[in-house]
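The values are calculated or read from the model by the stated rules, or taken from the named source; none is laboratory data. None of the values given here were measured: they were computed from a predicted structure. When we count neighbours, we look across all protein chains shown, and the Cβ atoms used for this are built from the backbone with ideal geometry, even at glycine.
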Ligand code: SF4
């Protein structure tokens, strides 16, 4: 005779469901970049969609490069002096915590 306990199976299902319900919001709610800056909404997709930019202060923007990292080689930079993620005029030789290298 198999070792089958319906009460145990039901209890296990409830524990799994509760665990999943707790994990999903945690996974969705923790999108930050190093330094604790909230990650801006995804870059605009083809066909439209406006992105809310973050302030220079929130992104910890600076007018000088950080080592080899600078806006000119960042995937978010929009020549000549703009950024998809950070508000205001952006220097090609600037840098912020949202720096993302251009794909090679
Ligand atoms: S380093 Fe920061 S400010 Fe400069 S282009 Fe990239 S995301 Fe924008």
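Of all residues in the stretch 53-77, those that are touching a residue at least 40 places away in the same chain (Cβ under 8 Å) and over 9 Å from residue 95 (Cα atoms) have Cβ atoms under 9 Å from Cβ atoms of residues that are near the ligand (Cβ under 7 Å from one of its atoms) and assigned to a strand (DSSP E or B), 6 or more apart or on another chain, in 54/86; 56/86. Does the stretch 77-89 include one or more residues that are within 13 Å of the ligand (Cβ to nearest atom), within 20 Å of residue 103 (Cα to Cα), in a loop (DSSP other than H, G, I, E, B) and modelled with pLDDT under 95? The answer is no; no qualifying residue exists.
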